[in-house]
Amino acid sequence: MSGKKAGVCFSWERTGSCSYGSKCKFTHPPKSGSSGGSSGTGKTFGKGAGDRSRKGQIGIGGGGSNTGGSARGVCFEWQRTGRCPNGNSCMFQHTGTGTIAGRGGGGGGGGGGGGGKGICHDWQRTGNCAKGNNCRFQHVGNDGLSTTSANHRAKIKSTSTDLSRFVVHLSLLPCQKLGDELSKSATLWRRCWRSHDSLDNKLHGKIVEILAKIPGSSSVNPPDIQDLQVVVKKFLEKEANASTEADKVLTCVKTVRDAVSRALDFEWVCTQDSVRKGLSDVILLAEGRLRKQQKEHRDVASSLMDILGDIDKPWRILVNETNPSEDTDGDTQDNRIVTYSDWEAPKMEWICNPDFFSPSRCPKMIGQNGLYESPEDYLNCVLRLWVAMTFSEGHAALAPHCRSRGQIMACGNALWPVSDSSQNISGLRCRTRGCKHPVEFCCRIKNHDSLCGNCAARSVKEHMGGPGHKASTHIYDCKVKHVDSDGVAFFADFESRNPPQAQIHWRTTKRLSPPNLVGVVALKSQGNSLEATDLIKWGEIVYHGHSRDEERRRQNKQLAVNLSTIAADFDPDYFEEGSYVAVIDCMTFVPEWIPVLKALQSQCRARLPFDSGRYLNLMKSNPVENKNSVLNTLSPDEVASCDILTLIGDMVEMSTLEPIKEVRRDKSLRLQLVSKLQDLVTSTTLDKMQLVSFIDSLRNPVHLTQASSLYL
């Protein structure tokens, strides 16, 4: 360079190099401290004396960090990570130890295989790494020293020191890696909670912070609810006591609040009441530590009360209940049998059970001539058939479907359980490629699809899953807009989880048409998969206003459902405004089916009328007989040949109808009734057998014209 230059070259000052070389019009002053020393403490970047084979390699020992006097200050990257992409050309000072700095003598070294980009998680968690010295990450122990010895294998045990190291390790992990780490170390994670007495008080807060950071998508099991209560109590007593600064107390309470919010998303292996009580106690304990004379503390207290109200909702806490007296290995047991009569407050497992809806598994007429053993048998049979017919479309929406293609489109029929008595299954195979399990479900059309039990269960699970091409087209995700005091819920932004290919014409379609029967399931977030334990609330689709406006409402993704039509005790606060629900369209006409179903259900709980069903002529035992009747000794042909006066007189004398019983107590009224009935029947155009049926209809409170004759 010659002549007067116009200042220092920025590229030279920043990187130590310049593409213009000697032709640059700016000054290229010599950079002091740019060459590394041969010994000392620090990290080597670029081609230092310690390692000239790798550029950008982190080493522990000599090799020369940039500590020259011409640098403008401490390098932020070096101080934060212990690395710098600019190496010795960096214009800032490489001083300090960094986050993963160690000690060293000669150049080179560090990490598992000469230094790496960060800490080896396997090494820090277990003291072991399968890659040995070839690992590209640092093998750093808890004392901050890098170790290259292949014989060092310090596996973490359940001692207080090892658990403390494990907790510290978890607290340094980012959220996206925390779930995987806890899944791999589930036993250690559980021991951290159970061995809380052996941990330092400072680590109790870290455990609570880790709980609050666990991603919602991870499959980590929750701690025991009693351990959670104890750890939170110790944490608050140590870190949020009366002598603690207000800001620190607020931070601690927020940590507990976030931990409880995350705990509500777990599936607990205990009773719902114990979880509800435990979490409520934790919330109240944290709320009591706040200093409510300050506004920020009052705001946090309000959010805690919101969570407390959320805990009280019956669907909010997911549990997998166990019987402590019988479950000693931690396995869950549920001995309750789901029955068809659970239709009033069912779970998803009820609507998915083919035993309640399959034609081959529905009850048949018992015995000969449709006679039953008891009134209860009769009512149970009728109720079960009505339940099957009412909810069959809802079950079909979730059942596996036939995918056999016809000339135009796929079959689409629901696959029903195979009935060995009515179908030949010897030639059927499961449609899943490579599956050799016996067929249990098949289409009602011959030579169409069939499935084994495992494949059918997997298909149902897919139909209950989130939005996608395998989900049920009759499940809709909605957002709760408003629920009025009459139990009418207004949903917005509904969308089918598997929309049909053809555009829906809302004026003519049967989909989501008033007054369809729908099942509404509360979701934690939009698009969540439905689970077998999810509760179903039945409702009836209703008009927003005039029926002519309903098409426009559907086009605007709006839906109104009356949730009090079927469940009279529905709680309007069950669904929160702004929450998400899944709507299962059963496409059943509510006014035609639900009132009859309710009447039958109510009748099953009461005594059957007509002398406990005796006059219905349905029971084998204790049949109706016309005692002391002159017609008992006659055959049906002889009864038909009797004159009308004899039939009327016998009916009046033997009738069990209360009005006729009152009339025949007065002789003159009895004769008058016989005379008027005789005039009535003679003036008609009925044949003799029709006249006999008419007269017999006045003998008992109920007369079934299609049933067997009362005289047989």
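The values are calculated or read from the model by the stated rules, or taken from the named source; none is laboratory data. Values in this document were obtained by computation on a predicted structure and should not be read as measured data. Here the Cβ is made from the backbone with ideal geometry for all residues, glycine too, and neighbour counts use every protein chain on show. Quick note on the areas: whole protein, heavy atoms, side chains included, nothing else; ligands and nucleic acids left out. Shrake-Rupley method; radii C 1.70, N 1.55, O 1.52, S 1.80 Å.
Based on this model, can you work out whether LEU379 counts as more than 30 Å from HIS469 (Cβ to Cβ), modelled with pLDDT of 80 or more and touching a helix residue (DSSP H, G or I) at 6+ places or on another chain (Cβ under 9 Å)? It is true that LEU379 is more than 30 Å from HIS469 (Cβ to Cβ), modelled with pLDDT of 80 or more and touching a helix residue (DSSP H, G or I) at 6+ places or on another chain (Cβ under 9 Å). When segment 273-322 is filtered for residues that are assigned to a helix (DSSP H, G or I) and among the basic types (Lys, Arg), the ones remaining, listed by number, are ARG276, LYS277, LYS295, ARG298.
Listed here are the residues, each with its yes/no results for (1) more than 23 Å from CYS604 (Cα to Cα); (2) open to solvent by 50 Å² or more (accessible area, probe 1.4 Å); (3) at pLDDT 80 or above.
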site: ALA399; (1), (2), (3): yes, no, yes
site: MET409; (1), (2), (3): yes, yes, no
site: LEU415; (1), (2), (3): yes, no, yes
site: ARG444; (1), (2), (3): yes, yes, yes
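Which condition number in (1) open to solvent by 60 Å² or more (accessible area, probe 1.4 Å); (2) in contact with a Gly (Cβ under 6 Å, 6 or more places away or on another chain) is the one that VAL518 fails? With respect to (1) open to solvent by 60 Å² or more (accessible area, probe 1.4 Å); (2) in contact with a Gly (Cβ under 6 Å, 6 or more places away or on another chain), VAL518 is out only on (1).
Let's see how each residue does on (1) under 30 Å from the mean Cα position of the chain (by Cα); (2) touching a residue at least 40 places away in the same chain (Cβ under 8 Å); (3) surrounded by 15 or more Cβ atoms within 10 Å (Cβ to Cβ):
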residue	(1), (2), (3)
VAL439	yes, no, yes
PRO467	yes, yes, yes
HIS474	yes, yes, yes
LYS479	yes, yes, yes
PHE490	yes, yes, yes
PHE494	yes, yes, yes
ASN498	yes, no, yes
GLN501	yes, no, no
THR509	yes, no, no
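If you go through segment 236-249 one residue at a time, how many are of a type in the set (A, V, I, L, M, F, W, C), modelled with pLDDT of 85 or more and open to solvent by 10 Å² or more (accessible area, probe 1.4 Å)? Total meeting the criteria: 1.
Of all residues in segment 197-214, exactly one satisfies the criterion of being open to solvent by 30 Å² or more (accessible area, probe 1.4 Å) and not in a helix (DSSP H, G or I), namely ASP200. Considering only segment 287-295, I want to know if a residue exists there that is of a type in the set (Gly, Ala, Ser) and farther than 25 Å from TYR574 by Cβ. Among the residues of segment 287-295, at least one is of a type in the set (Gly, Ala, Ser) and farther than 25 Å from TYR574 by Cβ, which makes the answer yes. Residues in segment 503-556 that are in contact with a helix residue (DSSP H, G or I) (Cβ under 6 Å, 6 or more places away or on another chain) and not in a strand (DSSP E or B): TRP506, ARG507, PRO515, LEU530, ALA532, ASP534, TYR543, HIS544. I'd like to check something: does segment 220-229 contain any residue that is at pLDDT below 80, farther than 19 Å from HIS169 by Cβ and open to solvent by 70 Å² or more (accessible area, probe 1.4 Å)? The answer is no, given that none of the residues of segment 220-229 is at pLDDT below 80, farther than 19 Å from HIS169 by Cβ and open to solvent by 70 Å² or more (accessible area, probe 1.4 Å). When you scan segment 226-235, do you find a residue that is in contact with a Lys or Arg (Cβ under 8 Å, 6 or more places away or on another chain) and farther than 19 Å from SER280 by Cα, even just one? So far as segment 226-235 goes, no, none of its residues is in contact with a Lys or Arg (Cβ under 8 Å, 6 or more places away or on another chain) and farther than 19 Å from SER280 by Cα. Against the conditions (1) in a helix (DSSP H, G or I); (2) within 28 Å of the chain's Cα centre (by Cα); (3) farther than 18 Å from ALA301 by Cα; (4) charged (D, E, K, R), where does ASP265 fall short? Just the number, please. All conditions are met except number (1).
Of the set (1) at pLDDT 85 or above; (2) under 30 Å from LYS510 (Cβ atoms), all apply to CYS452 but (2). Look at segment 573-598: where a residue is on the phi < 0 side of the Ramachandran plot and a partner is open to solvent by 30 Å² or more (accessible area, probe 1.4 Å) and among the β-branched types (Val, Ile, Thr), sitting 6+ places away or on another chain with Cβ atoms under 9 Å, you get VAL590/THR565; ILE594/THR565. Can you give me the number of residues within segment 518-556 that are closer than 25 Å to HIS505 by Cα, touching a Lys or Arg at 6+ places or on another chain (Cβ under 9 Å) and charged (D, E, K, R)? Number of matching residues: 3. Within segment 272-294, the residues that satisfy the criterion of being surrounded by fewer than 21 Cβ atoms within 10 Å (Cβ to Cβ), within 15 Å of GLN226 (Cβ to Cβ) and of a type outside the set (S, T, N, Q) are ASP273, ARG276, LYS277, ASP281, LEU285. Quickly run through segment 616-669 and pick out the residues that are among the polar types (S, T, N, Q), modelled with pLDDT of 70 or more and open to solvent by less than 40 Å² (accessible area, probe 1.4 Å). Across segment 616-669, the qualifying residue is only SER655. For segment 266-299, the tally of residues that are farther than 17 Å from ALA240 by Cα and either of a type outside the set (Asp, Glu) or modelled with pLDDT under 85 (or both) stands at 16. For segment 676-702, the candidate set comprises residues that are within 21 Å of GLU638 (Cβ to Cβ) and of a type in the set (Lys, Arg); within that set, the residue that is most open to solvent (accessible area, probe 1.4 Å) is LYS688. When the criteria are applied in full, ALA568 fails the requirement of being at pLDDT 90 or above and of a type in the set (Gly, Ala, Ser). The set of residues from segment 534-546 being modelled with pLDDT under 90 and open to solvent by 60 Å² or more (accessible area, probe 1.4 Å) comprises just one member, HIS546.
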